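Structure first, then comments.
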Amino acid sequence: MFESLIDGKPVTEGAEYLSRNPARLDDVVATIRLAGPDTVVAAAESARRAQREWAAVPAPVRGQFVAALGRLVEANADKLARLVTREIGKPLAEARGEVQEIVDTCDFFLGEGRRLYGQTVPSEMPDKQLFTFRVPVGVATVITAGNFPVAVPSWYLVPALLCGNAVVWKPAEYAAASARAFAELIWRAGLPTGVLNLVFADGQDTYDGLTQALAAGLVDKVGFTGSSAVGARIGELCGRHVQSPCLELGGKNPMVITADADLDLAVEGALFSGFGTAGQRCTSLGTVIVHEDVHDEFVARFTAAVAGAKVGAPDEDVLFGPLLDEKFASNYDDTLGWIASHHTVIGATGRITADNPRAGFTGDPAAGLFYHPVIVDGVRRDDRLFQEETFGPIVGVTTYRDLDEAIDLANAPGYGLSSSIYTTNPKSAFRFRAGIGAGMVSVNNSTSGAEAHLPFGGNGKSGNGSRQSGIWVLDQFTRWQSMNWDFSGRLQKAQMDVATI
Ligand code: UN1
């Protein structure tokens, strides 16, 4: 039984929830106890108590904790990756990559403990010096999705802790065992227990608890990775307390393929972007926007590549495994239902109909949440499939005539997370970069697979402009404090006693 841990102590009340292996639903990975709103508040209270002492630990020493965490994750990489694969069905190679992403994040931030620079700034008056300091925000509540059950949480937890904050972490319940395993490594690396409190709770209870904790002044920063709809609710709630959360939301990520593109490279990129992780990354490819001159050739090669891809048990060498859990599968069933009734679907194997949206199972329907990859050609700008995130192994295709039209189409859904262009013309690449509203742009590469030290984040429906990763995330977990120090021995007034030459 996995329970929420506050000050290292289990919370023993609440409903039971089973986290299942989505590749074999009879395999229960863990039994979780879901806590109520009070636990979300109690976790924030505990974090508040622990934060001051943690902030007093010198930043380079907090950096040593991050270094120890990186080494511990490395030493336990195989076990953690296998657990991630078992719990959320991501292919083992991807799960190993995910664990490596934590190590990369730790390797980046362990040195930041010795930097965490402020500035010295000249004053307009003599015998006076100005300074800036980064100070921790205080208590951060971090709510994460389960498609990246350990790497994406590490993008919040590692910098937040390094900067001297205490954290309440509420992971997705269907990825609770992976979250618990990662949290245990964090404590084993030397973090005092109350500095990180782990809460298992459902979405509404988390929201209610967060509402109370914010009202009580117990939370200073909220980090949320998940759907745009929930992100908007969290943003609204934080806004009432004049707080700006770090929001990493959905995407409808476009890939433009110009007439001069290397089509084999583009097919490879579309295959990984669209179907890697069963299309369940926020950075997954939504729509291919291909030049009309190469449309037929691209679709022929793309369909052949998709038909040849292996789907199945994630511990084998497959392109993708099952969907994350039953809630996601049932949402995706609805999506397939409306798609089947509105579009011509090119399935890699067989046709999907409105009556039988799940057609395309590769496994026993009772045993695993497997779906075939689907390509939908001829998607139009006002189609729901063009406008909305689908979070499953499905890619739309549409055409364009000139690059301005392609950029306009790429921006049309109003998301703005990731984007990609395949072209051999640098001018097209630069024009695309300048015109696209996305926070991330790939040239001749996948929409997904960002590296752990570049700013990660989106605009529009994909987020509020906050960025994670690299030094940029420090602005989420610290606030700038300025100081002026006058050693002239008299009152020098800014603007009024300015020194002149
Ligand atoms: C997500 O799906 O929430 O860039 C994040 C990528 C990964 C992270 C995806 N490194 O695809």
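Each reported figure results from applying straightforward, stated rules to the coordinates on display, with no laboratory input. Treat the numbers as computed from the prediction; the structure is a model and nothing was measured. Glycine also receives a Cβ, built like all others from the backbone with ideal geometry; neighbour counts cover every protein chain displayed.
Please rank Tyr400, Tyr156, fewest neighbouring Cβ atoms within 10 Å first, as an exposure proxy.
Tyr400, Tyr156
Just to check, using Stokes-Einstein with a Kirkwood Rh over alpha carbon pairs, what's the diffusion coefficient of the range 68-207 at 4 °C and 1.567 mPa s in µm²/s?
The calculation lands on 79 µm²/s.
Rg(Cα) of the range 1-51 divided by 2.2 N^0.38 Å?
1.39
When only C-alpha pairs under 8 Å and at least 6 residues apart count, what is the relative contact order of the chain, in percent? Walk me through the numbers before you get to the answer.
Details: 1159 pairs, mean separation 93.7, N = 501.
For the chain, the relative contact order is 19 percent.
Magnitude of the Cβ-charge dipole of the chain, K/R +1 and D/E -1, about the Cα centre, nearest 20 debye?
Here the size comes out at about 1480 debye.
Here is the link list: Lys90/Lys327; Lys221/Lys461; Lys170/Lys221; Lys90/Lys310; Lys128/Lys221. Which ones come out longer than 25 Å on Cα distance?
Numbers: Lys90/Lys327 16 Å; Lys221/Lys461 20 Å; Lys170/Lys221 14 Å; Lys90/Lys310 13 Å; Lys128/Lys221 34 Å.
Going by Cα-Cα distance, Lys128/Lys221 fall outside the 25 Å limit.
Sorted from fewest to most neighbouring beta carbons within 10 Å, what does the list Lys427, Lys9, Lys221, Lys170 look like?
Ranked by crowding around the Cβ, least crowded first: Lys427, Lys9, Lys221, Lys170.
Can you give me the angle between helix 176-188 and the longest principal axis of the chain, using Cα atoms only, in degrees from 0 to 90, rounded to the nearest 10?
For helix 176-188, the angle is close to 30 degrees.
How large is log10 I(q)/I(0) at q = 0.09, 0.10, 0.12 Å⁻¹ when the Debye formula is applied to the Cα atoms of the range 393-501, each weighted equally and without solvent?
For the range 393-501, the Cα-only Debye profile gives -0.43, -0.49, -0.58.
Just need the relative contact order of the range 253-443 here, percent rounded to a whole number, with Cα pairs under 8 Å and 6+ apart.
Answer for the range 253-443 is 28 percent.
Calculated from DSSP H runs of 4 or more alone, at -39500 (n - 2.57) each and per residue, what is the 222 nm mean residue ellipticity of the chain, nearest 500?
Result for the chain, helices only: -12000 deg cm²/dmol.
Give me the three principal axis extents of the chain from the C-alpha atoms, as integers in angstrom, largest value leading.
Taking the Cα atoms of the chain, the three principal extents are 82, 64, 41 Å.
Over 5 Å intervals from 0, what percent of Cα-Cα pairs in the range 253-443 sits in each interval?
1, 8, 18, 22, 21, 15, 9, 5, 1, 0, 0
Relative to the longest principal axis of the chain, what angle (0 to 90°, nearest 10) does the C-alpha long axis of helix 77-88 take?
In the chain, helix 77-88 runs at an angle near 60 degrees to the longest axis.
If you average 1/r across every pair of different Cα atoms in the range 125-272 and take the reciprocal, what Kirkwood value do you get, in Å?
Answer for the range 125-272: a Kirkwood hydrodynamic radius of 17.6 Å.
List the residues whose amide H sits under 5 Å from the amide H of Arg20, counting only those 5 or more places along or on another chain, with H placed 1.01 Å from N in the peptide plane.
Amide H neighbours of Arg20: Val29.
Taking amide H positions as placed 1.01 Å from N in the peptide plane, with prolines and chain starts having none, which residues 5 or more places from Gly138, or on another chain, fall under 5 Å of its amide H?
Here the answer is Ala166, since their amide H atoms fall under 5 Å of that of Gly138.
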